[in-house]
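The structure under discussion appears below in the form of structure tokens.
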Amino acid sequence: MDAIYTRGWVVVDDFLTAHEVEHLSQCLPHEWQAAGIGRAALHHANRQIRRDQIHWLDPTLGSPVADYLSRLEALRLVVNQSLMLGLFDYEAHFARYDSGDFYARHRDAFAGQSNRRLTSVCYLNNDWQPAAGGVLRMYDDSEQFLIDIEPQGGRLVLFLSEGFPHEVLPANQVRYSIAGWFRVNGHQHGRLDPPR
Ligand code: OGA
Ligand code: MN
């Protein structure tokens, strides 16, 4: 919580054990949808920005998924108690990046346009090797390089959704994660200023 408050982001290694990652992996769906596509006409343009496929989480996908959602709910309450962000709910999806897939630099939220306040990404790739690529590359609010984070299994990354542009570099093997967002109820609530 300290790191989020002072710096706006944090990496928590071993948020999940290798066993928990394994159990969640067994809940990965067989059906995926191309991410972020509103209309077929947008498909081509969208593919220049992101190529991952997603599946929204819900507890019926299995008890490991229900357990994950419970843990993130507990985290939501801790964040609200210590940072007063007034987070209201949480939405999350599995994401699958096939070899060569990427997500170009973007922000998860823009002030006044989104309910998303805090981003979470949890990785499901046990024994990920650096040579496999697929790092999460983070930038600060003025677009300066901040850090490369490998998508190591069990690792949780949290950052303020408005303050940190980021991208997913291409991986050369399949890369699984759960991306999620804590949201407020109404655009005006719960904002921490990102450090400058
Ligand atoms: C996202 C995203 C980062 C990652 O889904 O918006 O930026 O490391 N994911 O998977
Ligand atoms: Mn993102």
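The values are calculated or read from the model by the stated rules, or taken from the named source; none is laboratory data. Quick caveat, the model's predicted, so the values are computed rather than measured. Here the Cβ is made from the backbone with ideal geometry for all residues, glycine too, and neighbour counts use every protein chain on show. Heads up: the accessible areas ignore ligands, DNA and RNA and are worked out on the full protein's heavy atoms, side chains in. Shrake-Rupley method; radii C 1.70, N 1.55, O 1.52, S 1.80 Å.
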Gln48 paired with Ala3, simple spin-label distance in nm, labels 7 Å along Cα-to-beta-carbon: 3.6 nm
Residues in the stretch 62-100 reached by a label modelled at Asn185 [backbone nitrogen below 13 Å; 7 Å Cα→Cβ]: 86-90
Apportionment of accessible area to carbon and sulfur, the stretch 71-196, percent (1.4 Å): 49 percent
The stretch 136-187: GluC sites (Glu not before Pro) in DSSP coil with no more than 14 other Cβ atoms inside 10 Å: Glu143
Tyr103, Tyr97, reordered so the largest accessible area comes first (probe 1.4 Å): Tyr103, Tyr97
Shape category assigned to the stretch 1-97 from the gyration tensor of Cα positions, a/c cut at 1.5: oblate
From phi via Karplus (6.51, -1.76, 1.60), per-residue ³J(HN,Hα) for the stretch 108-115 in Hz, x at Gly/Pro: 7, 7, 10, 3, x, 10, 8, 8
Computed lengthening from Gln113 to Ser142, 0.36 nm per intervening residue step minus Cα-Cα distance: 8.5 nm
Probe 1.4 Å - accessible area at Met1, Å² to nearest ten: 70 Å²
The chain - mean residue ellipticity at 222 nm from DSSP helices (-39,500 (n - 2.57) per run, n ≥ 4, rounded to 500): -6500 deg cm²/dmol
GNM top mover of Leu156, Leu42, Leu28 - the chain, alpha-carbon springs below 10 Å: Leu42
Distance (nanometres) between label positions extended 7 Å along Cα→Cβ at Arg71 and Ala104: 3.4 nm
Chymotrypsin sites (Phe, Trp or Tyr not before Pro) restricted to the stretch 62-93 and DSSP loop, no more than 16 other C-beta within 10 Å: Phe88
Cα Rg, Dmax, the chain, angstrom units: 16.0, 44
Hydrodynamic radius (Kirkwood) for the stretch 104-196, which is based on Cα pairs only, to one decimal in Å: 13.9 Å
Per residue accessible area in Å² of the stretch 38-149, where ligands, DNA and RNA are left out and the probe is 1.4 Å: 50 Å²
Protein-only accessible surface order, largest first, of Asp141, Asp193 at 1.4 Å: Asp193, Asp141
FRET efficiency estimate (nearest 0.05) - Cβ-Cβ, Glu150 to Phe88, R0 25 angstrom: 0.20
